[in-house]
Amino acid sequence: MKDRVILAVDATGDDLTVALAARGKRYRARRSAKVPHDEALLPAVEGLMKRARISWKDLDAVAAAAGPGRFTGIRIGLSFAAVVGMERDIPALALSRLEAAADACAADDVLAALPGWKDEVYHQRFRRAGARLKADGPAEWSAAAAWPARKGSAESRGLAVAYGPVGACELLLTAARRLGERSLPPFEPFYLKPAGYEKPRR
């Protein structure tokens, strides 16, 4: 079976990231917040496809970060993936960035963690059984001051803590695994905070 050509986008953070898996290679691009993500996304994707020498018709799947992250960015990425999936009649995946963080860690029992708003930390436990990865508990968040204790508790119980930024390139691994398992997640946003949380207070 030929390698799948997978496009992934992550608009949930300050920078926009896009990544492409094609012909055994990975291509990636990053765009700063100087240009709004909704304006930068399509040119970034088309530039990446030009580098990889593929066209829209070559895509086998498209994935977008469903969260956790910034509300507007989540909506931008999911809207883009939904349109591409519908127009090309290919699977569109809404992927958890926490699941992608766990996928990038080789441990069988891992606490995936991401930097969040105002130095908070988003985290969720995952367990691996063979090639399969499953969440073991709900996604949560800790205030900056509470995170060291939470991290220490996880490590004392033998969990590997995978902490760090996750972007479109990391989503490619999760997308490939999900497609191989034929276990596509629900196509919906993944919010950990109530609507309007990021709006500045007056």
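Laboratory data are not the source of any read-out in this text; all were calculated from the coordinates shown. Source: prediction; values computed, not measured. For neighbour counting, all protein chains shown are included, and Cβ atoms are generated from backbone atoms with ideal geometry for every residue, glycine included.
What to note about this one:
- Qualifying residue in the stretch 161-181 (condition: of a type in the set (Lys, Arg) and in a loop (DSSP other than H, G, I, E, B)): no
- Residues of the stretch 1-26 that are touching a Leu at 6+ places or on another chain (Cβ under 8 Å), in a strand (DSSP E or B) and within 20 Å of residue 91 (Cβ to Cβ): 6, 7, 8, 9, 10, 18, 19, 20, 21, 26.
- If only residues of the stretch 129-151 that are more than 18 Å from the chain's Cα centre (by Cα) and assigned to a strand (DSSP E or B) are counted, the one that is farthest from residue 175 (Cα to Cα) is 142.
- Single residue of 82, 104 found to be closer than 13 Å to residue 162 by Cβ and in contact with a strand residue (DSSP E or B) (Cβ under 8 Å, 6 or more places away or on another chain): 104
- The lone exception for residue 154 - which of (1) outside any loop (DSSP other than H, G, I, E, B); (2) of a type in the set (A, V, I, L, M, F, W, C); (3) within 22 Å of residue 43 (Cα to Cα) it fails: (3)
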